[in-house]
Every structure is written in C-alpha cells, then in structure tokens.
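A quick write-up on the structure given underneath.
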Amino acid sequence: MWKQLAAFWDVFKGSLRDLTPIILVIAFFQLLVLRQPIPNLGDLAMGILLVVLGLTLFVRGLELGLFPIGESMAFSFARKGSLIWLLLFAFALGFGTTVAEPALIAVSNEAASVAADAQIIAASESAHKSYSLGLRLTVALSVGVAIVLGVFRIIKGWPLHYMIMVGYLLVVVMTPLAPKEIIGIAYDSGGVTTSTITVPLVTALGVGLAMSIEGRNPMVDGFGLIAFASLTPIIFVLGYGMLF
C-alpha cells in the first residue's frame with residue numbers, strides 16, 4: 001500500500017513539474033505583457049489541480065496496466081510461434097485503439113462540419129455522420145496496416161529508415177494528385193492517431209516483441225511502430241480523397 005502511494009506521489013510530482021512551464025508562460029503573458037488580472041483565479045486553480053491529477057492517474061494507469069499487458073501479449077504470441085495470429089493481433093490492436101481515439105473522433109467530426117459548410121457534402125446529419133465515420137474507419141484501417149508492417153519489420157529485421165523514406169516519397173507523389181480539400185485533413189490525421197490510447201499499447205507491443213525475439217535489440221528494433229502509425233494515415237486519407 002505505502003509502496004503504491006509512494007509511486008503515485010512520484011508520478012504526481014512529475015506531472016506537476018511537466019505542467020509548470022505552461023503555467024508560468026500563461027502567468028507571464030497575462031500579468032506582465034497584457035497587464036491584466038487572471039480571471040476566475042479559483043476556477044483556474046481547481047482546473048490545474050484536476051489536470052495534474054488526471055495526468056497522474058493516466059500515467060500511473062499506463063505503468064500498471066497497459067504497458068505490462070502489451071508486453072506480455074507480445075511475449076505470448078512470440079512463444080506461440082504463430083505469425084498469422086501475431087499479425088491479426090497487431091492489426092486488431094492498431095484498428096481498435098485508433099477508432100476509439102478521442103482526438104480522431106474530434107478531428108473527423110470537425111472535418112465533416114467544415115465539408116458541409118463548404119458544400120463538399122450535403123448539409124444533413126446522415127451525410128455528416130457518413131463522412132465522419134468514413135474518415136475514422138479509413139484512418140483506423142491505415143493504422144492497423146501500419147502496425148502489421150511494423151511487426152513484420154521487427155520479425156524480419158528490416159531497416160526502419162528505408163521504409164519510412166519510401167512512405168514519405170509516396171506521400172510527396174500523392175499530395176499534388178489529391179483534392180486540395182483533403183490534404184490538410186490527411187496530414188492532421190497522421191498526428192491525431194498517435195495519442196492517448198494508441199501510443200502506450202503500440203509501444204509496449206513493439207518493445208515486448210523485440211525483447212522476445214533472439215537477436216533483436218529493443219532500443220533499435222522495438223521502437224518505430226509509432227512512426228508507421230503516423231505515416232500511413234496520410235497515405236490512406238489522401239487515397240480516400242482521391243477515390244471518394
């Protein structure tokens with residue numbers, strides 16, 4: 001019990017330390033540059049406390065739950081020796097975590113609203129939901145494919161930088177061919193996929209898999225899955241725009 005409380009307190013101090021620069025920047029510009037009092041100081045202080053507490057609980061939850069389960073499942077699949085099941089698990093993990101990503105939901109809903117205002121899609125609720133869902137599923141599918149490629153790369157020991165170079169070359173080729181309305185959404189999709197839900201599980205999978213395969217270095221081979229998860233949504237959403 002005391003050990004858990006001590007670990008929680010360490011994470012809490014780390015979260016407070018990480019947020020302190022943001023607080024200082026806001027206070028500096030509000031008080032010294034704008035020369036205005038901070039509005040609703042009590043509510044602001046309570047909000048900051050809740051943010052620190054929420055970040056602490058999130059980080060501690062990752063340490064206790066998501067990282068261990070991701071690594072243990074990677075170990076289990078590697079010992080099982082079934083490549084098909086490992087790749088299916090990798091795809092399901094990438095697809096499932098991405099489709100539930102809050103940042104992606106927000107961006108897809110906003111993109112649908114803007115598309116309706118620009119008369120790219122009909123200004124109806126059904127068209128809004130269809131466009132938003134189509135964008136979410138496209139991005140989730142791309143991340144599933146990305147994790148499969150990343151897992152296959154770890155197994156085969158392929159160099160990461162060559163695969164990333166080829167991916168971005170494809171992005172450069174597709175960008176001028178895609179509708180201009182989809183380009184910004186495509187590039188943003190690469191960022192929103194790598195957020196609170198996807199990153200911890202995918203990172204744990206890569207590191208756990210690299211640790212369980214003889215001859216693989218977790219520092220060299222275990223990381224890089226997130227790079228694929230950031231790259232492939234750009235390609236898929238550009239293709240989505242070109243097709244639909």
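The values are calculated or read from the model by the stated rules, or taken from the named source; none is laboratory data. Fair warning: this is a prediction, and the values are worked out from it, not measured in the lab. Neighbour counts are summed over all protein chains in view; Cβ atoms, including those assigned to glycine, are modelled from backbone coordinates with ideal geometry. Note: areas computed on protein heavy atoms with side chains; ligands, DNA, RNA excluded. Shrake-Rupley method; radii C 1.70, N 1.55, O 1.52, S 1.80 Å.
Quick look at the numbers
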quantity: Residue within the stretch 170-177 that is part of a loop (DSSP other than H, G, I, E, B) and either small (Gly, Ala, Ser) or more than 23 Å from residue 134 (Cα to Cα) (or both) present; calculated: no
quantity: The listed residue being under 25 Å from residue 228 (Cβ atoms) and at pLDDT 90 or above, out of 108, 142, 195, 189; calculated: 142
quantity: Residues that are exposed (fewer than 14 other Cβ atoms within 10 Å of the Cβ) and either within 18 Å of the chain's Cα centre (by Cα) or free of Cβ contacts under 8 Å to residues at least 12 places away in the same chain (or both), drawn from the stretch 115-132; calculated: 117, 119, 122, 123, 124, 125, 126
quantity: Of all residues making up the stretch 61-100, the number that are under 30 Å from residue 5 (Cα atoms), in contact with a helix residue (DSSP H, G or I) (Cβ under 6 Å, 6 or more places away or on another chain) and at pLDDT below 80; calculated: 7
quantity: Cβ pairs under 8 Å, 6+ apart, first in the stretch 76-92 and over 26 Å from residue 137 (Cα atoms) and in contact (Cβ under 8 Å) with a residue 40 or more places away in the chain, second open to solvent by less than 60 Å² (accessible area, probe 1.4 Å) and β-branched (Val, Ile, Thr); calculated: 78/213
quantity: Subset of the stretch 96-114 [of a type outside the set (Val, Ile, Thr) and surrounded by fewer than 20 Cβ atoms within 10 Å (Cβ to Cβ)]; calculated: 96, 100, 102, 103, 106, 109, 110, 113
quantity: Among (1) surrounded by 15 or more Cβ atoms within 10 Å (Cβ to Cβ); (2) within 27 Å of residue 74 (Cβ to Cβ) - the single one residue 178 does not satisfy; calculated: (2)
quantity: Positions within the stretch 193-244 being within 16 Å of residue 158 (Cα to Cα), in a loop (DSSP other than H, G, I, E, B) and open to solvent by 10 Å² or more (accessible area, probe 1.4 Å), in sequence order; calculated: 213, 214, 215, 216, 217, 223, 224
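Yes or no, residue by residue, for (1) open to solvent by 70 Å² or more (accessible area, probe 1.4 Å); (2) touching a Leu at 6+ places or on another chain (Cβ under 7 Å); (3) more than 30 Å from residue 225 (Cα to Cα); (4) not hydrophobic (A, V, I, L, M, F, W, C):
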{"site": "30", "(1), (2), (3), (4)": "no, no, yes, yes"}
{"site": "34", "(1), (2), (3), (4)": "yes, no, yes, no"}
{"site": "41", "(1), (2), (3), (4)": "yes, no, yes, no"}
{"site": "51", "(1), (2), (3), (4)": "yes, yes, no, no"}
{"site": "56", "(1), (2), (3), (4)": "no, no, no, yes"}
{"site": "60", "(1), (2), (3), (4)": "no, no, no, yes"}
{"site": "65", "(1), (2), (3), (4)": "no, no, no, yes"}
